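**Q** Input: one structure, supplied below.
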Amino acid sequence: MTTTRFAPSPTGYLHVGNLRAAFMNWAIARKAGGTFILRLDDTDPERSTVEFADQIQRDLEWLGLTWDRVETQSSRLDRYNEVADELRAAGRFYECFETPTELDLKRKKQLNMRKPPVYDRSALALSDAEKDALRAERSGHWRFKLDHQRIEWNDGILGDLSIDAASVSDPVLIRGDGQFLYTLASVCDDVDFGITNVVRGSDHVTNTATQIQIIEALGGAVPAFAHHSLLTGPQGEGLSKRLGTLALKDLREQGVEPMALLSHMARLGSSHPLELHQDMASLVDGFDLSSFGSAPTKFDVADLGPLSAKLLHSMDINHVQADLDALEIPDDVVAPFWEMARENIETRADLTQLWALCRDGVEPDVDPEDVDFIEQAMGLLPAEPRSDTSWKEWTTAVKEATGRKGKGLFMPLRKALTGMAHGPDMSKLLPLLQNIGGR
């Protein structure tokens, strides 16, 4: 069975960069009828918080990226210790004692000698006595001993990849303070949970190479890996400085439609044109991982507003029923109200203002030169109940009585009824107006 996971760290808010991996892994599982796991990588006790974990789940629920189960790494520390012991017994785990300063000096020396800054494995030459002496001074950290051979795999997006393990430092899996780092915990989880597919950013390619060897050392099945391109700003700039404005919770508060955001993510960076979807089934059916390319992908948050508005304009009433119910619109009015409103809103929040206009009316906006004209026109206003022909009947009667036509006729009437120079189709709006100057 296809099993995927999304593995955020609850150390901050989800942003559009995280969403790319979340959506792709979710879509792969759902298209295959498999399992999607939400895994919280919370092994950092100082930075991980319950508040961030809760917000991650709220963001995913808002988007409809539902999971089949939740796993937390903080609950699996005993299992990671078992795996560490297995690697020690297999001779693939060794203890090192260099300080960060000492490692930095080694890297600089190698670079000065025009050599790759790869860990020299000097810790392997330490005697037991030397290790004991070092342990008395400092805590040791543990590295995985890579087999110095080429690591090859067929990437679902990047194609055939090959990395020489000798060009990569043996990865540190346990810090000096005993904290398990991402690589060990992630690999252990992927093996234990039977993860079959992993999609993540292209900045993880080297990590993938080392993880393949660790998976094999643990006797696990290597997942099908795919590495999507990284998002940039609209000018090709990095998003790192802008992520505070691209948090999913902020986009939600700005009124971005979930399906507009997901539709954008489903095609951004692919060879297929954008297609707006109103339901998850069609979104998943149209997802094609092989259509994505390796080039950096430009993302402009300004695109989301027009996409959300376009989606709203095409929505059936059942997609916004909860929003309309919250406004307590009478049953006999709700359908024509949505028919009038949907083409005139940018976000769902705009419904509140439109309903207030219909229910309560507004202070008329009348230019001084139009005062007499509006008074005469109001005397010709059709009585309630009004229909979708009432606007034409009224403007025809006002035109005949006053001689006005065109903009000089229609604009003063619109402003008097709505307080706005632009807005909904008046033939649809007029029957909904419940308070027009006491009429």
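**Q** Which ones in the range 76-98 are among the hydroxyl-bearing types (Ser, Thr, Tyr) and in contact with a Ser or Thr (Cβ under 9 Å, 6 or more places away or on another chain)?
**A** Scanning the range 76-98 gives a single hit, Tyr80.
**Q** When the range 189-208 is examined, which residues are found to be hydrophobic (A, V, I, L, M, F, W, C), outside any loop (DSSP other than H, G, I, E, B) and surrounded by fewer than 23 Cβ atoms within 10 Å (Cβ to Cβ)?
**A** If the condition is that a residue be hydrophobic (A, V, I, L, M, F, W, C), outside any loop (DSSP other than H, G, I, E, B) and surrounded by fewer than 23 Cβ atoms within 10 Å (Cβ to Cβ), then Val191, Val205 are the ones that fit.
**Q** Please go through the range 256-286 and pick out each residue that is hydroxyl-bearing (Ser, Thr, Tyr), touching a helix residue (DSSP H, G or I) at 6+ places or on another chain (Cβ under 8 Å) and closer than 21 Å to Thr66 by Cα.
**A** The one that is hydroxyl-bearing (Ser, Thr, Tyr), touching a helix residue (DSSP H, G or I) at 6+ places or on another chain (Cβ under 8 Å) and closer than 21 Å to Thr66 by Cα: Ser263.
**Q** Also: Can you tell me which residue among Asp332, Asp285 is among the acidic types (Asp, Glu) and in contact (Cβ under 8 Å) with a residue 60 or more places away in the chain?
**A** Only one candidate qualifies: Asp285.
**Q** Can you tell me which of Arg114, Arg121, Arg92, Arg88 is farther than 26 Å from Gly201 by Cα, at pLDDT below 95 and either of a type outside the set (Phe, Trp, Tyr) or in contact with a Leu (Cβ under 6 Å, 6 or more places away or on another chain) (or both)?
**A** Arg114
**Q** Separate question: Would the range 384-391 turn up any residue that is surrounded by 13 or more Cβ atoms within 10 Å (Cβ to Cβ), over 30 Å from His319 (Cβ atoms) and either in contact (Cβ under 8 Å) with a residue 60 or more places away in the chain or in contact with a Ser or Thr (Cβ under 6 Å, 6 or more places away or on another chain) (or both)?
**A** No; the residues of the range 384-391 include none that is surrounded by 13 or more Cβ atoms within 10 Å (Cβ to Cβ), over 30 Å from His319 (Cβ atoms) and either in contact (Cβ under 8 Å) with a residue 60 or more places away in the chain or in contact with a Ser or Thr (Cβ under 6 Å, 6 or more places away or on another chain) (or both).
**Q** For the range 138-158, check the following and say yes or no: at least one residue is surrounded by 11 or more Cβ atoms within 10 Å (Cβ to Cβ) and part of a helix (DSSP H, G or I).
**A** No - not one qualifying residue is present in the range 138-158.
**Q** Tell me, which residue of the range 342-360 that is touching a residue at least 40 places away in the same chain (Cβ under 8 Å) and in a loop (DSSP other than H, G, I, E, B) is nearest to Asp425 (Cα to Cα)?
**A** Glu346
**Q** Could you identify the single residue in Lys399, Lys392, Lys405 that is in a loop (DSSP other than H, G, I, E, B) and more than 46 Å from the chain's Cα centre (by Cα)?
**A** Of the residues listed, the single one that is in a loop (DSSP other than H, G, I, E, B) and more than 46 Å from the chain's Cα centre (by Cα) is Lys405.
**Q** Residue check: is Ser74 in the same structural domain as Leu40 (by TED's automatic domain parsing), hydroxyl-bearing (Ser, Thr, Tyr) and loosely packed, with under 14 Cβ neighbours inside 10 Å?
**A** Against the criterion (in the same structural domain as Leu40 (by TED's automatic domain parsing), hydroxyl-bearing (Ser, Thr, Tyr) and loosely packed, with under 14 Cβ neighbours inside 10 Å), Ser74 does not qualify.
**Q** If we scan the range 323-338, do we find a residue that is closer than 12 Å to Ala260 by Cα and exposed (fewer than 13 other Cβ atoms within 10 Å of the Cβ)?
**A** Looking through the range 323-338, none of the residues is closer than 12 Å to Ala260 by Cα and exposed (fewer than 13 other Cβ atoms within 10 Å of the Cβ).
Here is a yes/no grid of residues against (1) in contact (Cβ under 8 Å) with a residue 40 or more places away in the chain; (2) within 18 Å of Leu173 (Cα to Cα); (3) of a type in the set (A, V, I, L, M, F, W, C):
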site: Asp42; (1), (2), (3): no, yes, no
site: Gly64; (1), (2), (3): yes, no, no
site: Trp67; (1), (2), (3): yes, no, yes
site: Glu71; (1), (2), (3): yes, no, no
site: Arg92; (1), (2), (3): yes, yes, no
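**Q** I'd like the residue in the range 1-29 that is aromatic (Phe, Trp, Tyr) and in contact with a strand residue (DSSP E or B) (Cβ under 7 Å, 6 or more places away or on another chain) and, out of all such residues, is nearest to Val284 (Cα to Cα).
**A** Within the range 1-29, the match that is nearest to Val284 (Cα to Cα) is Trp26.
**Q** Here are some residues: Leu251, Leu231, Leu239, Leu268. Which one is touching a Phe, Trp or Tyr at 6+ places or on another chain (Cβ under 9 Å), of a type in the set (A, V, I, L, M, F, W, C) and more than 23 Å from Ala29 (Cβ to Cβ)?
**A** Going through Leu251, Leu231, Leu239, Leu268 in turn, the sole match is Leu239.
The values are calculated or read from the model by the stated rules, or taken from the named source; none is laboratory data. None of these values were measured; they are calculated from a predicted model. Ideal geometry is used to build each Cβ from the backbone, glycine not excepted, and the neighbour counts take in all protein chains shown.
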